[in-house]
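The values are calculated or read from the model by the stated rules, or taken from the named source; none is laboratory data. Remember, predicted model here, so these are calculated numbers, not experimental data. We place every Cβ from the backbone using ideal geometry, glycine too, and count neighbours over all the protein chains shown. Heads up: the accessible areas ignore ligands, DNA and RNA and are worked out on the full protein's heavy atoms, side chains in. Shrake-Rupley method; radii C 1.70, N 1.55, O 1.52, S 1.80 Å.
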Amino acid sequence: MKNSFSIFNGVCKTLILTIMAMILTPFSSLSQTNFFNGGTDVTLYSSAILYVDGHLVNNIGAIHNQGDVYITGDWTNNEALGCLDPTVGTVILNGASQTIMGTQTTTFNNLNLQGSGTKTLDINTVVGGNTGVLSLNFNPLDLNSNTCIITNPAATAITRTTGYIISETDAIAGYGRVQWNIGNTANNYVYPFGTLSGNYIPFLYNVTAAGTETVAGNISVATYPTSVNASPNNRPLPAGVTDLNDASGNESAEICADRFWNVDANNYSSNPVATITFTYRDTEWNPISGSTNTIIEDSLLAWMWNGTQWQNPTLGTNNSAANTVTVTNINYSAPWTLKTKEAATEACGDFTVPNAFSPNGDGHNDQFILNGWNKCISSFALYIFDRWGEKVFESKNPAKIWDGTYRGKTLDPAVFVYYIDLELNTGEKLMKKGNISLIR
């Protein structure tokens, strides 16, 4: 039979901790563990405060918390039947870097991150009860390839000042996910993701038409950056994605931002319809960061994997000032990335030059013109000389015509020599020369 111990208020806080050290902590307790529960049910009634200056380990038994538990060290739970009552009380992580761990998931009602340093999950963790809140305040919460499940369907179930949630692990390492059990509600949900370096990159899921859940309908989101140095870059790919090819089978890494989002709607007979906003960083598209990307930022739009291939066309509206792309009327699960528009492919032609023309006014071949030469060219120069070496025509525009005159006078039939220097958009330089016959 388990022992029980009750705390009614926080007035005698020092005495309470002394008593618990005697009753709840066996002589074989772990070093640095200031609260070790090896089989006692502890009850904190409303307004009671339990302050643990160090680590808390709940090995067997429960902490029925209707008040506040402050802890400056790590939180460990190994009780299979659950450590806390899931819909009451608050746990405050009030130390420096702290970890939530153990062999069993802890279900918190309110989880409040205070103190300093990053708080880290070493196990899937549940927060929110029916009305409880995950309060990030100023702190990062590192998911560390685990899932944080938010059970309160309200849009206010996660709050922050400057704090953020670090997802950032890929499918190979294991996604770090925020699973929000939004159920059949229609709200604007902000998943407050941030990068390892502290940049805020929120993911917005604005439900415009509520879904129909079967049980615990939820939207689960993970995001991670990809390597800018791999060849090709944008690797590793999300789970289930086999390539990053466009509709023609061409690798698209160089025109995709270096980040993926994995968005899943679970436990719905009819998925919610939402407007989704993706936030990216400049270093995830700009080659200054070392990427091989060739991206025009204003044309970055959302690109979705449809289960077998990337779905075209790309979707959404880009706001480069805010570093966001927004898509509307989304009601499916999918991995996403951001992709710029492909450069229009121009047929450069074979740059042929006519060998004769007849400027006699009959409407047939009256002009010397280089048809189609204005495509793919970054610079151009044409020179035409008569047989004595005098220049009779010059142009820096391939679309400009020669009508067979020189200084306003009609030239007699003759053979002329042309020279053409040009540079393609690719940087390739070409030179052509030959003869052109003027026929009357």
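Side notes on the structure shown:
- Per the listing Asn152, Asn130, the residue uniquely surrounded by fewer than 20 Cβ atoms within 10 Å (Cβ to Cβ) and in a loop (DSSP other than H, G, I, E, B) is Asn130.
- Of residues in the stretch 95-126 being farther than 12 Å from Trp75 by Cβ and not polar (S, T, N, Q), the one modelled with the lowest pLDDT: Gly117
- Of Thr294, Thr328, all but one fail to be under 27 Å from Ile182 (Cβ atoms) and open to solvent by 10 Å² or more (accessible area, probe 1.4 Å); the exception is Thr328.
Yes/no matrix, rows are residues, columns are (1) in contact with a Leu (Cβ under 6 Å, 6 or more places away or on another chain); (2) open to solvent by less than 60 Å² (accessible area, probe 1.4 Å); (3) free of Cβ contacts under 8 Å to residues at least 12 places away in the same chain; (4) under 20 Å from Asn267 (Cβ atoms):
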{"residue": "Thr195", "(1), (2), (3), (4)": "no, yes, no, no"}
{"residue": "Tyr200", "(1), (2), (3), (4)": "no, no, no, no"}
{"residue": "Ala209", "(1), (2), (3), (4)": "no, yes, no, yes"}
{"residue": "Ala216", "(1), (2), (3), (4)": "no, yes, no, yes"}
{"residue": "Ser220", "(1), (2), (3), (4)": "no, yes, no, yes"}
{"residue": "Asn229", "(1), (2), (3), (4)": "no, no, no, no"}
{"residue": "Asn233", "(1), (2), (3), (4)": "no, yes, no, no"}
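For every residue, the table says whether it meets (1) buried (at least 20 other Cβ atoms within 10 Å of the Cβ); (2) on the phi < 0 side of the Ramachandran plot; (3) in contact with a Leu (Cβ under 9 Å, 6 or more places away or on another chain); (4) modelled with pLDDT under 95.
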site: Val42; (1), (2), (3), (4): yes, yes, yes, yes
site: Ser47; (1), (2), (3), (4): no, no, no, yes
site: Asn58; (1), (2), (3), (4): yes, yes, yes, no
site: Tyr70; (1), (2), (3), (4): yes, yes, yes, no
site: Leu84; (1), (2), (3), (4): yes, yes, no, no
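Conditions tested, residue by residue: (1) within 23 Å of Ala216 (Cβ to Cβ); (2) in contact with a helix residue (DSSP H, G or I) (Cβ under 7 Å, 6 or more places away or on another chain); (3) of a type in the set (Gly, Ala, Ser).
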| residue | (1), (2), (3) |
| --- | --- |
| Ile60 | no, no, no |
| Thr87 | yes, no, no |
| Gly115 | no, no, yes |
| Thr118 | no, no, no |
| Pro140 | no, no, no |
| Ser145 | yes, no, yes |
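- Of all residues in the stretch 376-423, those that are more than 23 Å from Arg440 (Cβ to Cβ), β-branched (Val, Ile, Thr) and part of a loop (DSSP other than H, G, I, E, B) total 0.
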